Every structure is written in structure tokens, then in C-alpha cells.
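I have placed the structure first, in the form of C-alpha cells, so that the comments after it can refer back to it.
FYI, it's all coordinate maths here, none of it is from the lab. These numbers come from a predicted model, not from an experiment. Note: ideal-geometry Cβ built from the backbone for every residue, glycine included; neighbour counts use all protein chains shown.
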Amino acid sequence: MTEKLLMRGSHVIGETAALSGCRFYAGYPITPQNELTEYMAGAMDKLDNGTFIQAESEIAAINMVIGASMAGARAMTSSSSPGISLKQEGISYLAAFELPAVIINTMRGGPGLGNIAPAQGDYFQATRGGGHGDYRTIVLAPASGQELAGLTRAAFDYADKYRIPVMLLGDGMMGQMMEPVELPDPLDLDTLPPRPWKLDGAKGRPSQFIRSLFLDTTVEEDHNWKLNRKHQNITRDISKAELFETKDAKMVIIAYGTAARIAKGAIKKVREMGLKVGLIRPITLWPFPSQELIEISRHLRDFLVFEMSTGQMVEDVRLALEGRGNIHFYGRPGGIISTPDEISKVIISLYHRQHLEED
Amino acid sequence: MTKKTVFAGFGGQGVLMMGYVYAVAAMRDGKEVTFLPSYGAEVRGGTANCTVVVSDEEIFSPVTSSPDYAIIMNKPSLARYEGMIKKGGIIILNSSLIKTDLIRKDLEVVKVPANDIAKELGSDRTINMIMLGAFVSKTKISTLDSIMNGLTEIVKGKKESVMKLNRKGLDIGAGYVIKGAK
């Protein structure tokens with residue numbers, strides 16, 4: 001651990017990536033995440049064995065990441081919503097190839113070109129794989145500068161451990177905001193487990209290859225079930241959520257990332273007024289922390305999902321709770337950033353409607 | 001204690017730098033802090049603002065609809081933020097560029113002719129430090145030395161003459177408040 005630094009979110013990701021053994025970055029500019037691409041240019045240049053490429057397009061960048069990962073590097077690309085859409089074919093290939101890679105999505109308003117304000121409209125795309133085929137990516141949702149550092153390190157570790165693409169799902173506010181951060185210690189690349197699958201020349205070993213074309217349907221089926229078993233292991237092992245003021249709560253808000261920060265501010269306000277409200281903040285969006293929700297549903301009925309979209313994670317909440325409890329939704333799409341005051345009004349109104357002030 | 005401050009003006013006035021310096025100073029004093037800049041398709045001469053939250057405890061929301069303090073550098077920013085500031089809040093106005101009075105009577109106002117002072121000092125680039133000096137002196141939320149340390153950390157390697165000029169700006173801004181000048 002180093003001394004605390006006041007750092008912009010994008011820079012925290014970039015510096016932590018370099019400290020976590022990232023030695024290859026390819027990207028194409030897009031607001032609101034250009035600070036990350038810019039930072040990586042400097043960070044990779046400072047390393048003896050770092051490579052930075054400003055690619056000719058987002059598609060080229062993700063394909064360069066495939067190549068670098070295939071050759072054994074810890075590799076990363078980043079973009080914002082429209083650019084992430086372009087990368088989806090490559091992410092599907094990464095999943096099929098079972099290659100580790102880290103993809104940063106600094107979400108902005110959409111669909112289409114949308115705008116450059118913070119939004120959470122890419123939840124479905126991120127948590128359902130995003131590209132074609134039967135696969136998932138691990139999706140991590142940071143909500144503070146310090147967590148950006150922790151989850152960037154975790155993203156590289158998970159990617160390696162499970163040989164899977166990992167997406168860090170932030171937004172314009174997470175990328176631009178500055179908070180005090182203690183960066184992790186630099187990782188010694190020699191301590192990483194070997195990558196016997198990598199393609200680095202067949203000198204002294206039999207030749208091997210990495211592919212995603214399985215014309216024999218039984219082989220493709222086996223491959224799909226293999227990926228599925230991996231997804232099940234990941235779901236069992238890494239689901240994670242932060243619980244905040246849930247012990248005596250009569251109602252909980254479920255929100256992630258920037259929305260969770262705003263929700264916490266609202267909870268602080270309504271707690272001062274005597275309302276018993278808590279927060280469940282999913283840190284992994286896929287796998288979704290369903291167990292934590294089920295646990296909480298044993299002692300309360302009302303769940304308010306707050307998203308900066310018209311309602312996407314709310315579907316995972318319904319799937320997790322399977323009818324246990326009343327699921328309410330409040331959303332502001334299009335790049336609008338709600339204030340804690342706005343959310344506290346929503347909470348108070350719902351609290352009344354559900355008669356939670358009684359007993 | 002949690003205090004939310006908005007810094008607002010137009011691009012080129014050092015608005016973001018002012019908030020950044022204050023945030024680093026507060027962090028070095030052991031406080032929790034968030035610095036949220038406005039960003040966007042913005043151009044030189046366009047609007048610029050940032051929100052800095054300083055607290056003794058974990059900061060939940062970096063966004064606020066009711067700041068405790070505001071440092072207002074130009075007239076459009078006054079129009080935008082006057083209605084948002086908390087009742088009894090403090091507003092530091094750059095009176096070189098804002099000649100109108102506040103509509104609200106429930107705020108404490110400190111008028112600092114920052115552009116005029118900066119001109120006398122010989123550098124327009126000190127207006128943000130002049131305003132910051134007045135802000136710190138009025139609110140006591142930080143100290144001039146902390147601010148200076150924050151600035152030194154950020155602009156590492158600047159010429160000593162530039163740092164001296166900034167320090168002078170801070171002191172004059174602070175002096176304006178102490179003298180009770182309006």
C-alpha cells in the first residue's frame with residue numbers, strides 16, 4: 001500500500017491495471033473515458049515490456065486484445081457504451097477461446113450515440129454476455145475510487161483464474177470523480193500461474209491451437225457445457241454485495257455503482273427522519289448476488305430498485321426473489337443524475353404507501 | 001461534519017483547479033473527500049464547475065442539490081446556483097465580474113473583487129487563489145497553509161516566483177475577509 005492520492009477514477013483504473021501486470025492496452029477514443037486511454041499511453045510507455053496501441057477502431061482494439069491474450073499477456077481495452085457495442089463480436093470470441101481479458105465500460109447515455117452523461121443502460125448487454133452465443137462475462141460494478149482499484153486488480157485475477165473476459169462496468173461519474181485512493185502493491189508477473197495454453201511458439205513442445213469453430217455439433221455441445229460448468233463455479237464462488245443499514249430495515253434499496261452512492265445519501269437523509277431503510281449494493285452484477293437478496297427477504301417485504309435506466313437490474317431482482325416480497329422500481333435514464341433529495345422523496349412516498357410507518 | 005461546496009465560473013478562470021487544490025488540502029488534513037468536476041462537450045470560455053465534499057466520515061453522495069458553500073466566479077453561475085445553496089449558507093462572489101446583488105437575504109455574502117486584485121498583483125492567473133483565500137478564511141474549513149501545501153503537491157516543479165505569487169493571492173483574499181470588506 002502506498003500513501004493516499006486524490007485520483008480521477010479513470011486514472012485509478014489505468015494505474016491499477018499497470019500495477020496488476022497489464023502489459024498490453026489497445027483502445028480507441030470516446031468520451032467520457034478518454035482519460036483512461038490517455039493514461040494507459042503513459043503507463044505502458046513507462047514499463048520495459050508494456051505495449052500501448054491507439055487502434056484504428058474499437059473492433060481492431062478488441063481483436064488486438066485477443067491476440068495479446070493468446071500470446072500470454074494480461075491485456076485490457078476500454079471504451080464507452082457505443083464503442084462497447086462494437087467490441088461485442090470480439091468479446092464473444094474471447095469467451096469461446098476461453099481467453100482472459102479485461103474490458104472497461106464507462107457507460108454513457110444511450111441507445112445509439114446517446115450523450116456523454118453517466119448512465120446505466122448497458123446492464124443487459126453486460127450481464128447477458130453481450131455478443132452472440134451461449135456465454136457470460138464476469139461483470140464488476142465499482143462505486144468508489146478505492147473500489148475501482150480493488151476491482152481492477154480483481155478483474156485481472158478473475159480473468160486469469162477462470163479464463164474468461166471480465167467487464168468493469170462504471171459510468172461517466174465513476175470515471176471523472178476524484179477520491180482518495182491507496183493503490184495496491186505492484187504485482188510480480190513471475191508469481192502468476194503458468195499459461196500452458198498460450199501460443200508462444202512450439203519450440204520444445206507439441207504444437208497447439210486456440211479456436212472457436214467446432215463444426216462437429218457434439219464437440220460444440222461439449223464446449224458449451226464446459227463453459228456452463230465454469231459459469232456455475234463462478235456463480236458459486238464470487239457473488240458479492242455490500243449490505244448497508246439492513247439489520248433493522250423495513251425496506252431496502254437495491255442499486256449499484258453511482259446510483260448506489262446517491263441511494264446511500266438518500267438513506268442517510270431518511271434515517272435522520274426515522275425511516276428504517278437500508279441498501280443492498282451488488283458488487284458483482286454477473287454473477288448476481290441472489291443469495292444475499294433471499295437472505296434479506298426473510299425479514300422484510302419491500303425492495304426498491306433504483307437504476308439510471310428504465311429498469312434492467314430489476315429483472316434480476318425478480319429472478320432472484322421469485323415472488324418473495326414486493327419489488328418497486330424508480331429509474332432516471334438518459335444521463336440524468338438524481339440527487340439524494342429526489343430519491344429520499346421517492347423512499348418516503350413508498351414507505352407511506354406500504355404502511356411501513358406502522359408498528 | 002460534512003460540508004459541500006460548489007465552485008463555478010467560466011473555463012479559464014481556474015475553477016476546477018481551485019476545487020482540486022482544496023480537495024487535496026482537505027485529504028492531507030485527514031478528511032474524507034470527493035471531487036466531482038463537470039465534464040462534457042465543453043469549450044474554453046464555456047461554463048465550468050465542480051462539487052467538493054469534505055467530511056469527517058464516509059461520504060455517501062458526491063452529488064448535491066443543496067451545497068453549504070459556493071464560490072461564484074461569474075454572473076451566469078450566480079443565476080444557476082443562488083437558488084440551490086442551503087439556507088444560512090455562505091457565498092463568495094467575484095465582485096469584479098458580478099455587479100448585481102443577491103436576490104436571497106438568507107445567505108452570508110462575501111464580495112471579493114478578484115480580477116481587480118489579480119491585475120494589481122500582475123497576474124490574472126491568481127484570481128482562483130484569491131477567491132480560495134477568501135473562502136478558507138471565511139469558512140475556516142481549511143487553513144491557508146494546508147491550501148498552499150495542496151497547491152505545492154499538485155503543481156510540483158513550478159517556479160518559486162509563481163508559488164510566491166499564488167501565496168500572495170491567497171493571503172490577499174484571506175485579508176479581504178478579515179478586514180470585513182464588502
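For A:N326, list long-range residues whose amide hydrogen, built 1.01 Å from N in the peptide plane, is under 5 Å from its own amide hydrogen.
Counting only residues 5 or more places away or on other chains, the set is A:D302, A:F303.
Using a simple charge model, +1 on the beta-carbon of Lys and Arg, -1 on the beta-carbon of Asp and Glu, nothing else, what dipole does region A:211-292 show about its Cα centre, in debye to the nearest 20? Let's see the in-between values first.
On the way: 15 positive and 10 negative charges, 119 e Å.
That gives region A:211-292 a dipole magnitude of about 580 debye.
Based on the alpha carbons, how large is the Rg to Rh ratio for region B:49-90 when Rh follows Kirkwood?
0.98
Take region B:21-110, drop everything but the C-alpha atoms, weight them equally and run the Debye formula without solvent; then report log10 I(q)/I(0) at 0.10, 0.16 Å⁻¹ to two decimals.
Taking Cα atoms of region B:21-110 as identical point scatterers yields -0.29, -0.74.
Extending each Cα 7 Å along its Cβ direction at B:E82 and A:E89, get the distance between those two points in nm, one decimal.
That separation, rounded to one decimal, is 5.6 nm.
Which of the trypsin sites (Lys or Arg not before Pro) across region A:161-209 are loop residues per DSSP, with 11 or fewer other Cβ within 10 Å?
A:K203
Can you give me the orientation-averaged projected area of the convex hull built on the Cα atoms of region A:292-359, in nm²?
Orientation-averaged projected area of the Cα hull: 5.1 nm².
Can you give the calculated 222 nm mean residue ellipticity of chain B, where each DSSP H run of n ≥ 4 adds -39,500 (n - 2.57) and the sum is split over every residue, rounded to the nearest 500 deg cm²/dmol?
Taking each H run of at least 4 residues, the total per residue is -12500 deg cm²/dmol.
Report, for region A:5-238, the % of DSSP beta bridges that are antiparallel, rounded to 5.
20 percent
Send over the Kirkwood Rh of region B:2-178, from the inverse of the averaged 1/r over different Cα pairs, rounded to one decimal Å.
With all distinct Cα pairs of region B:2-178 included, I get 16.0 Å.
What is the Cα centroid distance between region A:15-47 and region A:255-325, reported in whole angstrom?
Comparing the Cα centres of region A:15-47 and region A:255-325, I get a distance of 33 Å.
Normalising by the residue count of region A:74-231, find the relative contact order in percent from Cα pairs under 8 Å and 6+ residues apart.
Normalised by residue count, the contact order of region A:74-231 is 24 percent.
What is the average number of partner chain Cβ atoms found within 10 Å of a Cβ in B:63-70?
3
By the scheme Lys and Arg +1, Asp and Glu -1, what is the net charge of all other residues having a beta-carbon under 14 Å from that of A:I84?
Summing Lys/Arg as +1 and Asp/Glu as -1 gives -1.
Name the residues whose placed amide hydrogens come within less than 5 Å of the amide hydrogen of A:W286, ignoring near sequence neighbours (fewer than 5 apart) on the same chain.
A:V139
Take the Cα pairs of region A:242-353, get the Kirkwood Rh, then feed it into Stokes-Einstein at 20 °C and 1.002 mPa s and tell me D in µm²/s. Before the final figure, lay out the partial values.
Working: Rh = 13.7 Å.
Answer, rounded: 157 µm²/s.
Once you treat every alpha carbon in region A:5-238 as an equal point and sum by Debye, what is log10 I(q)/I(0) at q = 0.13, 0.15, 0.17 Å⁻¹?
For region A:5-238, the Cα-only Debye profile gives -0.73, -0.98, -1.26.
From the phi angles alone, apply the Karplus equation (6.51, -1.76, 1.60; θ = phi - 60°) to region B:121-136 and give each ³J(HN,Hα) in whole Hz, x where the residue is Gly or Pro.
Here the 3J(HN,Hα) series is 6, x, 8, 4, 6, 9, 4, 5, 5, 4, 5, 5, x, 5, 4, 5 Hz.
Can you tell me, using C-alpha contacts under 8 Å and at least 6 residues apart, the relative contact order of chain A as a whole percent?
17 percent
Could you tell me how many cubic angstrom of Cα convex hull volume the protein assembly as shown has per residue? Let's see the in-between values first.
Numbers: hull volume 87.4 nm³, N = 541.
That works out to 162 Å³ per residue.
Treating cross-link reach as a plain straight distance, find the aspartates and glutamates whose alpha-carbon is under 18 Å from the alpha-carbon of A:K230, omitting any fewer than eight places away in the same chain.
List returned: A:E98, A:D134, A:D157, A:D160, A:E220, A:E221, A:D222.
Just tell me which lysines come within less than 16 Å, Cα to Cα, of A:K226; anything on the same chain fewer than 8 places away is out.
Qualifying lysines at Cα under 16 Å: A:K161.
Over the Cα atoms of region B:73-155, what Rg and Dmax result, in angstrom?
Rg and Dmax of region B:73-155, Cα atoms, are 13.6, 39 Å.
Compute and list, largest first, the equivalent-ellipsoid semi-axes of region A:104-184 from the alpha carbon gyration tensor, each √(5λ) rounded to a whole angstrom.
Its equivalent ellipsoid spans semi-axes of 21, 20, 7 Å.
Given a cut-off of under 8 Å on Cα pairs at least six residues apart, what relative contact order in percent is computed for chain B?
22 percent
So what's the back-of-envelope 222 nm ellipticity for chain A, counting only DSSP H runs of four-plus at -39500 (n - 2.57) apiece and dividing by all residues, rounded to 500?
The helix contribution divided over chain A gives -13000 deg cm²/dmol.
Have a look at A:V139, A:Q176, A:N233 and report the one farthest towards the positive end of the charge dipole of chain A, computed about the Cα centre with Cβ charges (Lys/Arg +1, Asp/Glu -1).
A:N233
Considering only region B:2-178, what is the antiparallel percent among its DSSP beta bridges, to the nearest 5?
For region B:2-178, the DSSP antiparallel bridge percentage is about 55.
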